[in-house]
1. Please tell me the relative contact order of the chain in percent, rounded to the nearest whole number, where contacts are Cα pairs under 8 Å and at least six residues apart.
2. Binning every alpha carbon pair distance of region 639-796 at 5 Å from zero, what are the percents per bin?
3. Find, among the trypsin sites (Lys or Arg not before Pro) in region 516-612, those assigned to loop by DSSP (not H, G, I, E, B) with at most 12 other beta-carbon atoms within 10 angstrom.
4. Determine the per residue accessible area of region 664-796 with all protein chains present and a 1.4 angstrom probe, expressed in square angstrom.
5. Take LYS198, LYS466 and sort them by solvent-accessible surface of the protein heavy atoms, 1.4 Å probe, largest at the top.
6. Give the relative contact order (percent, whole number) for region 285-423; include only Cα pairs under 8 Å separated by 6+ residues.
7. Counting only protein heavy atoms, what percent of the accessible surface of region 496-548 is carbon or sulfur at a 1.4 Å probe?
8. Can you send over the carbon and sulfur percentage of the accessible area for region 240-376, probe radius 1.4 Å, protein chains only?
Amino acid sequence: MRVFQMRYLMLDTPVSSARGPRHPLRLSVLVTLLQSALVVAQPSPAEPLILKTSPLLQDQIATEVRSSLPSFVSGQQITGRTDLETVVEGNAMLRRGDIVIKADRLEYNQPTDLAKARGHVLINRAGNVYEGPLMELRVDAFEGFFNEPTYHFLRNNAHGQADRVDFLDEQRAVIHNATFTTCQRLPGPSWMPDWILKASTISLDNEEEVGSASGALLSFKGVPLLPVPYITFPLSDKRKSGVLPPTIGLDNVNGSEVSVPYYWNIAPNRDATITPTLMSKRGVNLDAEFRYLEEDYAGNVHLDWMPADQLRNANRWGLNFGHQARIASAWTDGGATLNLNLNRVSDDNYWRDFTRTNSSLTQRLLANDATLGWSNGAWVSSVRTLKWQTLQDVTAPIVPPYDLLPQLRTNYTRVHPAGFSYGLSADYTHFQSDMMRTGQTNGQRTFGLVQASYPLTAAGGFLTPKLQLHASQYQFDTALANGDTSTSRVVPTLSLDSGLVFERDTQLFGRNLRQTLEPRAFYVNTPYRDQHLLPNYDSGANDFNLATIYTENAFVGNDRISDSNLLTLGVTTRWLDPASGAEAARLGVAQRLRFSDQNVTLPGGLPAQDRVSDLLLGGSVHWDPRWSFDGTVQFNPKTEQSVRSTLSANYRPGPYRTLTAAYRYQRDSSEQLDFGWQWPLNDLWGDRGQNLAAGQGLGAGRWYSVGRLNYSMNERKLVNSVLGFEYDADCWLGRIVLERLQTSSITATQRIMFQLEFVGFTRLGVNPLKSLKDNIPGYQNLREPVGMPSRFSNYD
């Protein structure tokens, strides 16, 4: 093995005396001496290569480290006095750490650390580049000035020119009579950026990662767009306090609206956003949000207040409060967890008039929930209170759900070393609601479930017998129809679940696959117990699908335990990639065989008497990473008709290209088509774009179509729709989106969202990104935050 050693030496500038004449050194101030040695290594056992971190190439150099680094000077002619001053002429360069200064003439005074440069001056500090005719700078402190510079910033790829730059220190600078843009400069003297900010002064603070401009004017396509006396803008994705760009919107309910948000960065773990909005049809609205994050708790408060709504002639408000906390406790495993979720609004019409401020998944049912949970070994327990605010509509009233005031729950689960699995679940709940609307009495219920199973598993199948015992005791506020104020119920359940797995290697369409055949049989027997007089507090029909068909109870909740004597038979076949195990396709079918009637029903329901249930068919295909198909069909063999069907397809061939389609059918109820997409229109004329980094689009000058359409075939009209276009001009993005949300069978809210995003600077208009992400599966933002680029990507 040969080892070469190379050593660099920096020679001091020779002088005869402090007062004597200075002697020039031609061509270079640096002399590199190369010493090489040839070493023949003795044979040794091969050792693995170990990668180690190196301090030689650091993106960020600390101030105390930079001051101790050596300075390298080079040029065509150098004169100077040792430890005093050095004058370099012709291709002069001074390099120290991450700072490089180049010029036609460079003077450096070592005692004051002052560098003076003239003629084609260039400074590159950690990738930020300044160029101009004249500069003076204290190198370590990075204090000085630069006359008539042009500049380019690494962090956001912005550039501009100014009369003068004053460097206050290594983190702060003030630019006078400055311009600022992120549009890439094109050759030619007539070039003008699509957008440009001109300001009397621009202040940059790289420590706080924020910039500010005074006497500023933002122009777009040569048209003055936003004159502002003072504006701040981010230099990175770091949060900062200040007034955010105003948003302007148009809504058929609110009319024209203008919002001016103010963001308050209270602390690294606390912030607030206050947004006053003027609506032409309704008046002034104030929106405030406060967020906090601590080691043991976190949460947010959102208040929306309209003191005088001209639409309803009333004071309107909405409140959302979420809080999560971990409480230290010596008698629990890892402490207790507290979750609070509060949702309240001023009136029943709030959900219709403020469609975008309600965060609840069910707009007319607002949950106010508090839960305290903890665990002790195999025990998991909780205390919960839940109170609903139900927003009624006189044209479509709904039955309010029951409040839980309170609910106490505990669960115990263990697996015995012999293979037995057993558990206990207990629940006490006090149910309260409006008896006039529910039509049944309030009450208290104590429920318990004891179960044991013995799973037998092997490579080729499984067998799981299970025994369950359901016990309930009720105490009612008012008497039932038979006069009882209390009652109890005990119901046993026996089930047997079994399945086999067969495998074979096969080929399909020229592809090697492993196919499985998985037959399954599930038997359940639950005797009948009369439950028709019991109120229904929390039970509902279980959704009938390929997962719930293999469950013991036909209902969810604990108020109804279905009597069952049935056998479920099913089979699933899957095609798997033998190397990765990824599923390429799946097909399943299942059906229930009922040996006796199911007489336990929900209030108003009819007994299940069919000996053969509907047939369930389900399948999916993921043959190619770009394509996916899924579908389920519930088929009635008696009527030979589909009862319910869901079919969907997804096509995602690459970034910013997604197509989704779905068909949903429920007999005698609804039939809908759903389409969603994001697609570059330039594909239509063969322009496929560039493969840029994630979150950077496909290149400049590209149009994208975005949208989602939900069409009701029964009503023959669009229900909900989002439709729009995006344009990527590299340094700016344009978005225009029309959104329509159905609020009732005859009313809907519509709004137009238009936004200009000046990349690396700010956004103007109404932001449609949340609507696009919520409605279009697989939507990708054309610009996503990226990490800080390395200074070596712009290295001199």
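The values are calculated or read from the model by the stated rules, or taken from the named source; none is laboratory data. Bear in mind that the values here come from a model prediction, so they are computed numbers and not experimental data. Note that we place each Cβ from the backbone using ideal geometry, even for glycine, and neighbour counts take in every protein chain shown. Protein only, heavy atoms only, side chains kept; ligands, DNA and RNA dropped before computing areas. Shrake-Rupley method; radii C 1.70, N 1.55, O 1.52, S 1.80 Å.
1. 6
2. 2, 8, 15, 18, 17, 13, 10, 7, 5, 3, 2, 1, 1, 0, 0, 0
3. Answer in residue order: ARG611.
4. 49
5. LYS198, LYS466
6. Reported as a whole number, the value is 15 percent.
7. It is 54 percent, rounded to a whole number.
8. Carbon with sulfur: 62 percent of the solvent-accessible area.
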